[in-house]
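Inspection log for the structure reproduced underneath, given as structure tokens.
The values are calculated or read from the model by the stated rules, or taken from the named source; none is laboratory data. Just so you know, these numbers come straight off a predicted model, no measurement behind them. All Cβ positions, glycine included, derive from the backbone under ideal geometry; neighbour counts span all protein chains shown. Just so you know, the surface numbers come from the protein's heavy atoms only, side chains and all, with ligands and any DNA or RNA stripped out. Shrake-Rupley method; radii C 1.70, N 1.55, O 1.52, S 1.80 Å.
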Amino acid sequence: MLSSRYWIELGIGAGWAGYRRLCLNTRGLAVLVYHHVAEQNWNQFEGQIKLLYHEYGFINPVQFETAISQDKVESLTGVLLSFDDGFVSSYRVAKEILSRYSIKAIFFLPTGFLDAEPVSNQKKYIARRIFRGRIDTADVPDDMCAMTWKDAEWLVGEGHTIGAHTVTHTALSQLYEEALNEEIVTAGDNIEQRLGISAEWFAFPFGSIDSVSSAAFRLIKKRYRYCCSSIRGRNKGGTYPYAIRRDPVDFNSPAQFVRFLVEGGMGHYYRKQAARLVKLAMVSEDG
């Protein structure tokens, strides 16, 4: 995978006009996805939110749902914001930062993470399930814990959307039918029971083409109306509601790279993966 610095330098080197021409996907809507944002990084995060707010604006999940149902995604102006993994930091930045700008986002929750108590169990969950053993439990920061169900209730009350992100944050491509049902269907059922809402959004963990399967898509499409990946690029006319593209972004990404993402700069590089994702999701209809 090409580094973010490569794309930044490529854009800067070409000049602003050339940089815009490099963004081959000139139409469509960007969906950004964040994860953990520690409090000491709030200034950097809010700096990105300010940039997006003033230069592009934001849409809310309901606007996206309406547009995709009418095949009018390209008519939307702005950015859709999402957060994965259910960290309490996502709740806190929604309360302390997003609320200042009246931004409504989608929060994808792995329900087993929220149910893991005490904090020591949450750290084990993070090390094993989210980082897949790349870090030790002892190295998980103290502030990287799960939001509570009360936090999620607050998000719902403020007009945010809650989606499912499985139970145990496992790559769905590694599972068989019974386990898939638990991760996909039960996750949404848990959210509905705990929050009293309709769970219509799903994002599969890790978000790559290799982390999902046609068997998983069969269940996703029976249970939900929308499914998000982490395959980069803008969503354009004809976007398949079960193959929504998102650009992961870090709070410390330079402004130039954030603009590059929002304007579709990575879409061309990921176009083959996006096509494979749509094909995989559609083939599941016949399975």
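Here is how the numbers come out for the structure above:
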read-out: Accessible carbon and sulfur surface of the chain relative to its total accessible area, %, 1.4 Å; value: 47
read-out: Surface accessible to a 1.4 Å probe, ASP250 within the full protein complex, Å²; value: 70
read-out: Protein-only accessible surface order, largest first, of SER211, SER173 at 1.4 Å; value: SER173, SER211
read-out: Theoretical gain in end-to-end length, LYS50 to TYR269 [0.36 nm per residue, Cα-Cα removed]; value: 76.1 nm
read-out: Stretchable slack from LYS222 to VAL62, in nm (0.36 nm times residue separation minus alpha-carbon distance); value: 55.6 nm
read-out: The chain, relative contact order [Cα under 8 Å, separation at least 6], %; value: 24
read-out: Over 28 Å (Cα to Cα) - which of LYS124/LYS236; LYS221/LYS272; LYS72/LYS279; LYS95/LYS236; LYS104/LYS272; LYS150/LYS236 fall in this group; value: LYS124/LYS236; LYS95/LYS236; LYS104/LYS272; LYS150/LYS236
read-out: Cα gyration tensor shape for the range 50-98, rounded if a/c is under 1.5, else prolate or oblate; value: oblate
read-out: Exposure of HIS169 as accessible area (Å², to 10), given a probe of 1.4 Å and all protein chains; value: 10
read-out: Helix-only [θ]222 nm of the chain, DSSP H runs n ≥ 4, -39500 (n - 2.57) each, per residue, nearest 500; value: -12000 deg cm²/dmol
read-out: By accessible area with a 1.4 Å probe, ligands and nucleic acids excluded, highest first: order of CYS227, CYS145; value: CYS145, CYS227
read-out: Dipole magnitude of the range 172-287 about its Cα centre (Cβ charges: Lys, Arg +1; Asp, Glu -1), debye to nearest 20; value: 640
read-out: Inter-label distance, nm, simple model (7 Å from Cα along the C-beta direction), TYR176/THR77; value: 5.4
read-out: Accessible area (Å², 1.4 Å probe, nearest 10) - THR137; value: 50
read-out: Exposure rank, largest accessible area first [LYS72, LYS95; 1.4 Å]; value: LYS72, LYS95
read-out: Inter-probe distance in nm under a simple model that places probes 7 Å from Cα toward Cβ, at LYS95 and GLU153; value: 1.3
read-out: Share, in percent, of DSSP beta bridges within the chain that are antiparallel, nearest 5; value: 10
read-out: Accessible area (Å², per residue) of the chain, counting only protein heavy atoms and a probe of 1.4 Å; value: 45
read-out: Listed values (i) 60, 46, 36; (ii) 51, 48, 36; (iii) 66, 44, 37, entry calculated as Cα extents along the principal axes in Å; value: (ii)
